[in-house]
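What follows is calculated from the coordinates using simple rules that are stated; it is not laboratory data. Remember, it's a predicted structure, so these values are computed and weren't measured experimentally. Cβ coordinates were reconstructed from backbone atoms using ideal geometry, including for glycine residues, and neighbour counts include every protein chain displayed.
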Amino acid sequence: MTNNLIAFLNSIFFHLFLLAILTIDFSIFVPKPDREKIVPIEFVSLPRMEEIRLKKSNDFLSKRIDDNIKVEKEIKKTVEVNKKKLGLNSLESLRKQIEDTKLSKEKKEVQIRISLIQKRINSIWKKPALINEDIQTEIQINLAPSGEILKYEMISSSGNKIFDDSTFRALSNISFITEVIGMDRKYFEKNFRSFNLVFKSKD
Amino acid sequence: MKFLIICLIFLSATIEAKLKIEISQGSKDLAKIAIVPFNDGKKTNTALSNLIEKNLTLFGEFKATPKNEMLSFPSSEDNFFYRDWNILKIDYAVIGKIEEKNNSELYIEYFVFNVPLKKLILRGDITGDINELSQISKVISNRTYKAITGLEGIFNTKLAYILNPQKDIYKICVSDIDGSNEQILFESTAPLMSPSWSSDYKKLAYVSFEKGYPEIYMQDLFSGKRESIKTLGLSNSAPVWSPDNKKLAFVMSMSGNPDIYIYNLRNKKISRHTTHYGIDTEPSWSPNSKKLLFTSNRSGSPQIYELTISSNRIKRITLDGDYNARASYFPNGKDIVLVHGNNGIFHIGTKKIRSRFINTISKTTLDESPTISPNGNIIIYATKNNSQGYLAGLTLDGKSKFTLPTKFGSVREPAWSPLMN
């Protein structure tokens, strides 16, 4: 019973304490304003909402463009630095340069010899009269650096004996392929020491 | 990075394939052939070797070596020395000997050598009468030609053609392929056209206007007997014998519109195979007798069409040029020869059936009626010089062009006979 009474009294004191806190006027600690002083107010026209949005988006875009230009400049700068490092102008020219290096000496020389050999063999090969047959005979030729034909053998027949014979007849007329004389020994060994002649019935 | 690139270059170089050089044009020079005078036991006999030489060089496919340049006249394999012929750069040599058996009968043994390869490529013999030297030479020439080229020899084939010696005189003639031994099969004051050989070599079909309208006749070459095809149409033309000798394709106009018909020679029935309102003409059989090429203006200009006989399915073959006509198949059935015209200039052309491209092969400009040799290697066609018609020819490899001996009068529509077995 006494416990209940104590709890009741505590509750009354707690609520009265809360009420006192809420009602106290703290303004007694703050100096009171001068009520006589007039404060002028200026009316300024505010921008419309659309204009605000547009401005914001323009600002955003120009910022993005500026950023992109910056990135681009940076890329270009990096590429230029890399190019300078490699001593090249572009990827294409890199490829071209590689090809040119290859072509410059060996390929050019080999190409010249090939066209000379083609001209020579064409001039001695009496192609048989064949109609509408698209066939070819492949003959492997082994050469000495002097151009002497050491050996030739058919590695793939056309299936037509007359055609095969005509190619052998052409080769039997020559003992030397003089067109390879005087070329760089390395190029000779790589290309002409052993090569194949492909005789075709049609162009 | 640089190191990597160098490594790549090195690798690509090492894995490169073996060098291959393509040769496809070949020389424009003709193969050199030496026909050595045959030995008949007493002296060298030039009569037979001269005939063989004339045959083999007829179409300009070989260059003959003059006899006075030959270092020796061998007559058997034992006394043939390759060295003697290699020096002269001879490609092929033909030698032989003649033995007289009884009276006029001759036994001839002959050999053909591939000189650069040092190889005997043909050994043959033949028996015949001394008066048949020309025929014997043709047999030897055919066999030699086949041994050298792999193609059938055509020296004993014949040519049929229309001869127009003067105004209102027309003759159907048959001669040897060199123009000799001309025989007149039929002569008329009315126009004659379109000779065509039967594949058994016994008959010739042609068109005659002797009754005032075009009518197809089949004439027996040995008896001379003529027979016309009875049809309902009033205008019949362009007969062509099928290679299996069972049918005759021709053009008939029932109501003024020419269409392609086939006459069955066994049951004598006629079947119609085109029905278009355009003009369909100039049929030509495929080697297997299952298809026909014909010329039609159904697309607005003359073009070549192919007809499958069993289904009557028609397919256009030529697309280029404003005039393509008179087509016929090569013996392989895959290529055709035709007259190809553009802006009033007409050339002989060849074409693969499956490709679009037409290859013009003649240089003259008013060419017509090409006929293909039975071995498919030579084309003879009619052409004109100052309104005078004559026959010209060429080999398909383009190495040789020739004209056949000029006749007295205009020559038209050559038709090459089939191979004589």
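A few notes on this one:
- Note on chain B: dipole from Cβ charges, positive end direction compared against B:255, B:92, B:49; the farthest Cα belongs to B:255.
- Straight-line cross-link partners of residue B:167 among the aspartates and glutamates, defined as a Cα under 20 Å from its Cα and at least 8 positions apart when in the same chain: B:187, B:210, B:413.
- Volume per residue of the C-alpha convex hull in the range B:329-421, rounded to whole Å³: 104
- Helix content alone sets the calculated 222 nm mean residue ellipticity of the protein assembly as shown: runs of n ≥ 4 DSSP H residues at -39500 (n - 2.57) each, divided across all residues, give -8000 deg cm²/dmol.
- Residues whose placed amide H lies under 5 Å from that of residue B:317, excluding near-sequence neighbours: B:304, B:305, B:306
- Protection proxy ranking of B:72-81, A:134-143, by the mean of other Cβ atoms within 10 Å over each peptide's residues and highest first, is A:134-143, B:72-81.
- For the protein assembly as shown, the C-alpha radius of gyration divided by 2.2 N^0.38 Å, with N the number of residues, is 1.79.
- Semi-axis lengths, largest first, of the ellipsoid equivalent to chain B are 42, 35, 19 Å, with √(5λ) applied to each eigenvalue of the Cα gyration tensor.
- Site pair residue B:277 and residue B:131 shows an inter-label distance of 6.4 nm when each label is modelled 7 Å from Cα along Cα→Cβ.
- Per residue of A:116-127, other chain Cβ atoms within 10 Å of the residue Cβ number 5 on average.
- A straight Cα-to-Cα reach below 20 Å connects residue B:28 with the lysines A:119, A:126, A:127, A:200, A:202, B:63, B:89, B:363, B:399, B:401, residues fewer than 8 places away in its own chain not being considered.
- Maximal additional length on extending the residue B:388-residue B:166 stretch stands at 78.8 nm, based on 0.36 nm per residue less the C-alpha distance.
- Pairwise label distance in nanometres, residue B:88 with residue B:18, each label 7 Å out on the Cα-Cβ vector: 3.9
- Using only side-chain charges placed at the Cβ, +1 for Lys and Arg and -1 for Asp and Glu, the dipole size of the range B:285-421 relative to its Cα centre rounds to 340 debye.
- Put a plus charge on the Cβ of each Lys and Arg, a minus charge on the Cβ of each Asp and Glu, and nothing anywhere else: the dipole of chain B about its Cα centre is then about 1280 debye.
- Straight-line cross-link reach from residue B:246 at under 16 Å between alpha-carbon atoms covers these lysines, not counting any fewer than eight positions away in the same chain: B:202, B:203, B:268, B:269, B:290, B:291.
- Length released on extending from residue B:267 to residue B:117, taking residue separation times 0.36 nm less the Cα-Cα span: 48.5 nm
- Dipole magnitude of the protein assembly as shown about its Cα centre (Cβ charges: Lys, Arg +1; Asp, Glu -1), debye to nearest 20: 1080
- For residue B:244 and residue B:25, the FRET efficiency from 1/(1 + (r/R0)^6), where r spans their Cβ atoms and R0 equals 45 Å, is about 0.70.
- By DSSP, the beta bridges lying fully in the range B:31-149 are antiparallel in about 75 percent of cases.
- Neighbour-limited loop hits for trypsin sites (Lys or Arg not before Pro), the range B:264-326 (at most 12 other Cβ within 10 Å; DSSP other than H, G, I, E, B): B:266, B:268, B:269
- Contact order relative to length of chain B, as percent, for alpha carbon pairs under 8 angstrom and 6 or more apart: 10
- Mean Cβ count within 10 Å, highest first, over the residues of peptides A:190-199, A:111-120: A:190-199, A:111-120
- 10 Å Cβ neighbours from other chains, averaged over peptide A:162-174: 4
- Kirkwood analysis of the Cα pair distances in the range B:334-378 returns a hydrodynamic radius of 11.0 Å.
- Dimensionless Rg ratio for the range B:65-213, taking C-alpha atoms and the 2.2 N^0.38 Å reference: 1.46
- Relative contact order of the range B:136-189, defined on C-alpha pairs under 8 angstrom at six or more residues apart (%): 24
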